[in-house]
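Undergrad: I have a structure here, written as C-alpha cells, and I will follow up with some questions on it.
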Amino acid sequence: MLRRTLTGLALSTTLLAGACFALPAAAQDARTITGAFDVGPGGMPGNFNPLSATAGFTWLNLYFEPLVIYDAALEKIVGALASSYEVSGDQLTYTFRLAEAKWHDGKPFTAEDVRFTFDLAKNAASGSNFAARLTSVASVTATDARTVVVKLSAPNSGLLDTLTKVMMLPAHALSAMPVADLARNAWWSTTPIGTGPFRFTRYANGQFVSLAANPDYRGGAPKVDRVVNRYFENTAGAVAALRSGEIQFTYVEADDVANFKDDKAFRVIEGNSYVVNYIGFNQEVPLWKDARVRKALMYAIDRGQIIKALYGGAAVPANCGYVAPAFVPAGIDTYAYDPAKARALLADAGWAKINGDKPITLLTYYNTPLAGNVMAAVQAMLAQVGINVVPRTVDVPTYNATVYAATPDWNAFPLVYAGLQNGPDPSIINIGLNEKQLPPAGANIMRVRMPSLSAAFDTALGETDAAKRPSRYQDVCKAMNESLPWATLWVTARYGVASTKLNDFVWVPAPAGGPYEAHPEHWSITR
Amino acid sequence: MPRTLRYALRRLLVGGAMLLGLSVLVFLLLRAAPGDPVDAYVNPSVAMSPADLTALRVRFGLDRPLPVQYLAWLAAAVTGDLGYSLQGTGDPVLPLVFSRLGPTVLLMGAGIALAIILGIAGGVAGAVRRNGAVDIGLSVIAFLGISSPAFLTALVGLYAFSVRLRIAPSGGMLTPGAPFAFGDLLAHLVLPALLLSIGHTALIMRYTRASMLEVLSADFVRTARSKGVPEFVVVARHALRNALLPVVTLIGSTIGIAIGGAVFIESVFNWPGMGLLMVTAVRARDYPVIMGAALIIGAFVIVLNLLTDLAYAVVDPRIKVG
C-alpha cells in the first residue's frame, strides 16, 4: 500500500506537470507580427524615451518619426515628417516643409511641435543625448503652421544625420511637464503618442511592448493589426524563439547564420555594421611613437585569413577608418600580410630595445566566442613577429571606466581592440581621432595627436559643398592610412533572420538601429 | 507576550541589523566594482565626450562623496523610497522590484513544491526499497540532478522541449499580445519550474532517503512493527514525521539557493522575475535597483528562515522556540 501511495504521489505530480506541457500557450492572432526588435547591438530594450536613446531606433520608429530619415540603403537622407527640405548655400539655414500628419490622439502635427522638440533636444536637462550635437542650432522658427526654419551659428555637416534620430514629440501632450522631470515621466512607457504607422498600446514590464495599427497613418493603414517587440536577455533565447515559431524576426550573431542559411523557412538579412574594428595604439605609451612599429602590426596580422576562417568571409578589410568606396581613395597602402616585412620594420625601429618580448595588454570589451577566437589569432600572429600581446577581455562598464578615466592608467590599455561607428555619416569618427577631440573635449581616448590627420578632418568638416565632401573624407582616409593612428582591421557584416512568412519586411542592421525607411505599414504576415 | 512571538520579534530585530549590514556591504561592493552606471550606458562604438559623461554623473548624483551617497540612500530607504532605476525611463525601484517579486515567487514556489513532492516521495521509496531497482534508479537520477548546473539544465531543457519538441514556450511568462489566460501562464511556467526543481528534488531525495533509513532502524519503529501496526502507518506516521526534521532544514536553506538558481532559469527563459531584473541591473551597474533588490531578497530570506525555524516546532513537538 505504501509503495502504491508513494508511486501514485510521484506519478500524479509528474503527470500533472506533464499535462501542463500539453496546455497550449495562447495563440497570437493571425495579424500580429512578433519580433525581437531590441536584440543585438542596435537594440536598447526598456528605453522608451527617444531623447535619451543611444540605440533602439528601429523599434521607436514604428510609432515616433523624425523630420528626416535615411533610406533603407543608408545612402541618402530623405524627408519623413518633413515632406521636403532645403539647405542654403552657406549651410547655415535649413528650411523644412512639414507633411500633413496627425498625432495618435487625432491632433494635427504642426511647426510648433518641431520647435518644441528642438527646444527639448537642445536642453540637456531634459535628459537629451542630442544637446552637444545641436549646439550649432542658433534658432528654430515656425514661419507658418507647415514650415520650420532652422538657423545655425556655424556649418554643421552632421546636422541632418543627427536629425534622423531626433523623433518629433507632441507639444500639446508634453509642454506642461517640467523639463527636469520629463526623462523620468511614466508617459513614455504608458501613454506615448507619435505620428508613426503604429500606436503604443502596452508595455509588460521586462517582457514585451505591443503596438496597434494606426488606421489614420498618412502612408496608409498598416496591413497587420499589431506588432509586438519581445524582450530577450540574450541572442540565444531569441534564436530559440525564432526556431520554435514564436517570433518571426531577430538579430543573430554571425556564427548563427550557418544554421539558417539553407532553411527555407527563414530569410537571412545581411548588412554593413558601419563599425570599423581596430587595434588602437595608446599614444601616451612610448611603445608606439615610431611609425615603423605601427606599420609592423599592420603587416603582421593576416586579416584576409581571419576574415575567411573566422568571419566566414563576412567582413571587409579596412585600410583606414572607412570601407565605403566613396571615401576610400585609390592607391592607398593595403598592408598585405607580410610577416618578414613586419620583422624588418621592428628590427629597424629597435623593437628589442623598445619592448622586446615583454607582455603588452590588449584590452577589449568584445566578449563573444568569435571575438575570443579573433583575439587568439591576432595574439598568435603578432607573437610570430616578436610582439607579445596578452588579450584582456572585460565588460563594457569596466572598459569604459578604464579608457574614460579622468586620470587614466596608461599601462592598463597600451593597446585596445575596439570598434567605432564610421557611418553612414563619415564625420562621425572625428570624435575619436582629431587632436581637438582629446578628452575632456571629445572621445579621442587613445590620445592621437597627428597634425596631418586633424587637419584633414577639419577641412572635411568645414566643407560646405556637398559634392566635394566625399573627396575631403578620402583625404582623411589617406592621412589615416599613412599615419596609422590605429591598426585598422575590418568592417564586419551584421545579420538578422526573418521568417519567410513575413512579407515586405524591411530590416537593416544599422548602427544604433537606424532609423531608416522601413515602411512598417507595408509589413504583413502569412499564417 | 507569548514566547513564540517574543522569539519572532527578537529574530526580526536581528534581521533588521543584518539588512543594514547587507546594504553597507552591497553598496561598498558595487562601488569597488569597475565602472559605474554611466560607463555601462555608453556604447563604446558610439563615442561620447567625457564632458557629456560628467554631466550624466552629476544628473545621477554619482559625483557626490560615497558616504553622502550611502546616507542619502539610507535616509530615503527607511521611508520606503528606494530611489529610481537608472535605466530606461527610470521606474521607481520599490514598485519595480515588487512587480518582479510575484513572478519569482510563482516560479520558485512551483519549482520548490515540485521538488518537495517528488523529492520526499522518491526518498521514502528509495529507503523502503533499499538497494532495490527503484532505489538504485532513483539514486542515479538524484546524482545526475545534483551534478547538473542550473544553466546547463536550463539550456538543455530549452533546446529539447521548446526548439526540438515544441511542446513548451521558449520563454516569457505570457504570450505577448494575447489576453491573459491561466492556462497560458501555466504553459509558460511548467518547463522553467521543472528545470528549477531538478537539483532540489535530487537533494531532498537523498536527504529524505538517508534520514528515513536512520529512523526506520530505530527502536520505536521496531516496536511499532512488533505491535502489528500496518507498514504504511509505520512509515508514513512514525518514521516519516521523524525523518522530516533535517529535510525541513534543507528545504529552508533550499529557498536561498533557489534564488540563485532562479537567476539562471529566469535569464534563459526570460522569466520577468527578480533574477532577470538583477542580471540586467548588474550589467547596467544600476545601483538603486541592485541595492533595492538585494535588500528585499535579504528580507525575504530572513523571514523565510524564521518561518522555517518556527516550522520545526510544528514538525517536532520536542522543540520549543525561544
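The values are calculated or read from the model by the stated rules, or taken from the named source; none is laboratory data. Since the model is a prediction, treat every value here as computed from it, not as a measurement. Cβ placement follows ideal geometry from the backbone for every residue including glycine, while neighbour counts extend to all protein chains displayed.
Undergrad: Could you list, in sequence order, all residues of segment A:346-379 that are buried (at least 18 other Cβ atoms within 10 Å of the Cβ), away from chain B (no Cβ under 14 Å) and not β-branched (Val, Ile, Thr)?
TA: Across segment A:346-379, the qualifying residues are A:Leu346, A:Ala349, A:Trp351, A:Asn355, A:Leu362, A:Met375.
Undergrad: Okay, moving on. If you scan segment A:423-455, which residues turn out to be within 13 Å of chain B (Cβ to nearest Cβ), in a helix (DSSP H, G or I) and of a type in the set (S, T, N, Q)?
TA: A:Ser427, A:Asn430, A:Gln437
Undergrad: Does B:Asn270 satisfy the criteria of being among the polar types (S, T, N, Q), modelled with pLDDT of 90 or more and crowded, with 18+ Cβ neighbours inside 10 Å?
TA: Yes, satisfied.
Undergrad: Would you say B:Arg285 is more than 18 Å from the chain's Cα centre (by Cα) and within 17 Å of B:Val128 (Cα to Cα)?
TA: no
Undergrad: Right, something else. With the requirement that a residue be over 15 Å from A:Asn234 (Cβ atoms), in contact (Cβ under 8 Å) with a residue 12 or more places away in the chain and either of a type in the set (Ser, Thr, Tyr) or part of a helix (DSSP H, G or I) (or both), what does segment B:152-174 give you?
TA: Listed by number, the residues that qualify are B:Thr153, B:Gly157, B:Phe161.
Undergrad: Mind listing whichever residues of segment B:276-302 are facing chain A (nearest Cβ under 10 Å) and without any contact (Cβ under 8 Å) to a residue 24 or more places away in the chain?
TA: B:Val279, B:Val282
Undergrad: Taking the criterion of being away from chain B (no Cβ under 11 Å), part of a loop (DSSP other than H, G, I, E, B) and surrounded by 19 or more Cβ atoms within 10 Å (Cβ to Cβ), would at least one residue in segment A:401-416 satisfy it?
TA: Yes, the conditions are met somewhere in segment A:401-416.
Undergrad: Continuing with this model, one more query. Confirm whether B:Arg100 is basic (Lys, Arg) and over 26 Å from the mean Cα position of the chain (by Cα).
TA: no
Undergrad: A:Val68 is checked against (1) in contact with a Lys or Arg (Cβ under 7 Å, 6 or more places away or on another chain); (2) at pLDDT 95 or above and fails just one. What number does that condition carry?
TA: Every listed condition holds for A:Val68 apart from (1).
Undergrad: Quick one: is B:Val42 loosely packed, with under 14 Cβ neighbours inside 10 Å, of a type outside the set (Gly, Ala, Ser) and within 14 Å of chain A (Cβ to nearest Cβ)?
TA: Taking the combined requirement at face value, the residue does not satisfy it.
Each row is one residue, and each column tells you yes or no for (1) in a loop (DSSP other than H, G, I, E, B); (2) surrounded by 17 or more Cβ atoms within 10 Å (Cβ to Cβ).
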| site | (1), (2) |
| --- | --- |
| A:Glu233 | yes, yes |
| A:Gly245 | yes, no |
| A:Thr250 | no, yes |
| A:Asp263 | yes, no |
| A:Ile269 | no, yes |
| A:Tyr274 | no, yes |
| A:Gln283 | yes, yes |
| A:Arg294 | no, yes |
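Quick grid of which residues meet (1) more than 25 Å from the chain's Cα centre (by Cα); (2) away from chain A (no Cβ under 12 Å):
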{"residue": "B:Ser162", "(1), (2)": "no, no"}
{"residue": "B:Leu194", "(1), (2)": "no, no"}
{"residue": "B:His200", "(1), (2)": "no, yes"}
{"residue": "B:Asn242", "(1), (2)": "yes, yes"}
{"residue": "B:Leu250", "(1), (2)": "no, yes"}
{"residue": "B:Thr254", "(1), (2)": "no, yes"}
{"residue": "B:Ser267", "(1), (2)": "no, no"}
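Undergrad: Would you mind finding the one in B:Ala51, B:Ala47, B:Ala17, B:Ala33 that is within 25 Å of the chain's Cα centre (by Cα) and closer than 30 Å to A:Ala441 by Cβ?
TA: That would be B:Ala33, the only listed residue that is within 25 Å of the chain's Cα centre (by Cα) and closer than 30 Å to A:Ala441 by Cβ.
Undergrad: Any chance you could count how many residues in segment A:176-217 are in a loop (DSSP other than H, G, I, E, B) and not acidic (Asp, Glu)?
TA: Residues flagged as in a loop (DSSP other than H, G, I, E, B) and not acidic (Asp, Glu) within segment A:176-217 amount to 20.
Undergrad: If A:Asp255 meets every condition in (1) buried (at least 22 other Cβ atoms within 10 Å of the Cβ); (2) modelled with pLDDT under 95 apart from one, which number is that one?
TA: Answer for A:Asp255: the failing condition is (1).
Undergrad: Under 28 Å from B:Ala77 (Cα atoms) and at pLDDT 85 or above - does that describe any residue in segment B:234-254?
TA: No, that holds for no residue.
Undergrad: Which is touching a helix residue (DSSP H, G or I) at 6+ places or on another chain (Cβ under 7 Å), among the hydrophobic types (A, V, I, L, M, F, W, C) and at the interface with chain B (Cβ under 9 Å from one of its Cβ atoms), of A:Leu420, A:Leu382?
TA: Unique residue meeting the criteria: A:Leu420.
Undergrad: Continuing with this model, one more query. Do you know which residues across segment B:171-188 are in contact with a Phe, Trp or Tyr (Cβ under 8 Å, 6 or more places away or on another chain) and over 15 Å from B:Leu107 (Cα atoms)?
TA: B:Pro176, B:Gly177
Undergrad: Looking at the structure I just gave you, is B:Gly122 closer than 27 Å to B:Ile259 by Cβ, in a helix (DSSP H, G or I) and in contact with a helix residue (DSSP H, G or I) (Cβ under 7 Å, 6 or more places away or on another chain)?
TA: yes
Undergrad: In this structure, is B:Leu186 within 12 Å of another protein chain (Cβ to nearest Cβ), without any contact (Cβ under 8 Å) to a residue 24 or more places away in the chain, closer than 20 Å to B:Gly273 by Cα and in contact with a Cys (Cβ under 6 Å, 6 or more places away or on another chain)?
TA: For B:Leu186, the condition - within 12 Å of another protein chain (Cβ to nearest Cβ), without any contact (Cβ under 8 Å) to a residue 24 or more places away in the chain, closer than 20 Å to B:Gly273 by Cα and in contact with a Cys (Cβ under 6 Å, 6 or more places away or on another chain) - is met.
Undergrad: Moving on. Return yes or no: is A:Ile445 touching a helix residue (DSSP H, G or I) at 6+ places or on another chain (Cβ under 6 Å), among the hydrophobic types (A, V, I, L, M, F, W, C), free of Cβ contacts under 8 Å to residues at least 24 places away in the same chain and crowded, with 21+ Cβ neighbours inside 10 Å?
TA: In short, no.
Undergrad: Residues that are loosely packed, with under 15 Cβ neighbours inside 10 Å: list the strands (runs of 3 or more DSSP E) wholly contained in segment A:82-175 that include at least 2 such residues.
TA: A:82-87, A:137-144
Undergrad: Further, regarding this structure: Which of the following residues is of a type in the set (Gly, Ala, Ser) and modelled with pLDDT under 90: B:Ser49, B:Ser99, B:Ser23, B:Ser85?
TA: B:Ser49
Undergrad: Moving to a separate point now. Among the candidates B:Val105, B:Val124, B:Val128, single out the residue that is of a type outside the set (Gly, Ala, Ser) and either buried (at least 24 other Cβ atoms within 10 Å of the Cβ) or modelled with pLDDT of 90 or more (or both).
TA: None of the other options fit; the residue is B:Val124.
Undergrad: Look at A:Pro222 and say whether it is away from chain B (no Cβ under 14 Å), without any contact (Cβ under 8 Å) to a residue 12 or more places away in the chain and not in a strand (DSSP E or B).
TA: No: the conditions fail for A:Pro222.
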